[in-house]
Amino acid sequence: MNQSTADKARQVVRDAYSKVAQASDSEDGCGEAASCCGVSDDQQINALISTRLGYSDTDLDQVPTGADMGLGCGNPRAIASLQAGETVLDLGSGGGFDAFLAAGEITASGRVIGVDMTPEMVSKARSNAVKGQYSNVEFRLGEIEHLPVADAEIDVIISNCVINLSPDKLQVFRDAYRVLKAGGRLAISDIVAGTALPESIRNDSQLLSACVAGASTVDELEEILAEAGFTELRIQPKDESREFIKDWVPGSGVEEYVLSATIEAIKPG
């Protein structure tokens, strides 16, 4: 993908998630195929979506109202094994939901950095951090391909249904490798393609924002992770995820092509 095409893809995603943030702030729902989301003016609906993704009612009660926007395709914290004192980086942090939950696990001695390329999302997350009085969580505006984070600063990288949106996944994982400490780890939930996607899906800008068109196969992701330098790769697709994916773009049949997966890897020590 050339630079011009990649920039257009990023702008499509940025515009879509800007609308998601604005819809959440104004208590309007997002339209079909606007994103891999169920953003609604009803927090109970968003909570139902998140519990389907593996979050508990306790998780939902811990975060400020409005942080849970019904986004995501899994629960990366479930595989992150976070420890007190660790520094955590959340790629595509949105309204801050996963970042706030991570903050509770790494305690006051740790730190969470969220990065998102959508100004409206960063503003929303910062507002939520103030509401929740999170002194060890910060949100930075930036692209996940070019992280505003120092070298070897991070213990754990989490991300929830975001990397599939990137037009340059190799650069995402190269920069993730750069910012991780030796022995640092990836704990990611994302969408993968179970089979090669038809061109009609690949070229659909709405399906890109809906976390479908940009999905890579497991084999492709393993090659990318290895090229970026990661070892101990573990990618586990979840067949049961097709049940909620079919609700993202009802009637489209996209659940026949993509599914959620957990992605784990280590930066060698």
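Some observations on this one:
- In a residue-by-residue description of the range 114-121, the property of being farther than 22 Å from residue 21 by Cβ and of a type outside the set (Gly, Ala, Ser) applies to no position.
- Screening the candidates 193, 125, 176, 152 for the property of being under 24 Å from residue 79 (Cα atoms), buried (at least 22 other Cβ atoms within 10 Å of the Cβ), free of Cβ contacts under 8 Å to residues at least 60 places away in the same chain and not aromatic (Phe, Trp, Tyr) yields one hit, 125.
- The residues in the range 157-176 that are more than 16 Å from residue 216 (Cα to Cα) and either at pLDDT below 95 or out of contact with any Leu (no Cβ under 9 Å at 6 or more places or on another chain) (or both) can be counted, and the count is 1.
- Filtered by the rule that a residue be among the polar types (S, T, N, Q) and either in contact with a Phe, Trp or Tyr (Cβ under 7 Å, 6 or more places away or on another chain) or over 19 Å from residue 80 (Cα atoms) (or both), the range 210-245 gives 216, 217, 241.
- Residue that is assigned to a loop (DSSP other than H, G, I, E, B), at pLDDT 95 or above, under 18 Å from the mean Cα position of the chain (by Cα) and surrounded by 19 or more Cβ atoms within 10 Å (Cβ to Cβ), where the choices are 89, 82: 82
- The range 52-79, residues that are touching a residue at least 60 places away in the same chain (Cβ under 8 Å) and either of a type outside the set (A, V, I, L, M) or closer than 22 Å to residue 148 by Cα (or both): 52, 64, 65, 66, 72, 73, 74, 75, 76, 77
The values are calculated or read from the model by the stated rules, or taken from the named source; none is laboratory data. Keep in mind the model is a prediction, meaning the values are calculated, not measured. Positions of Cβ are generated from backbone atoms using ideal geometry, with glycine treated the same way; all protein chains shown enter the neighbour counts.
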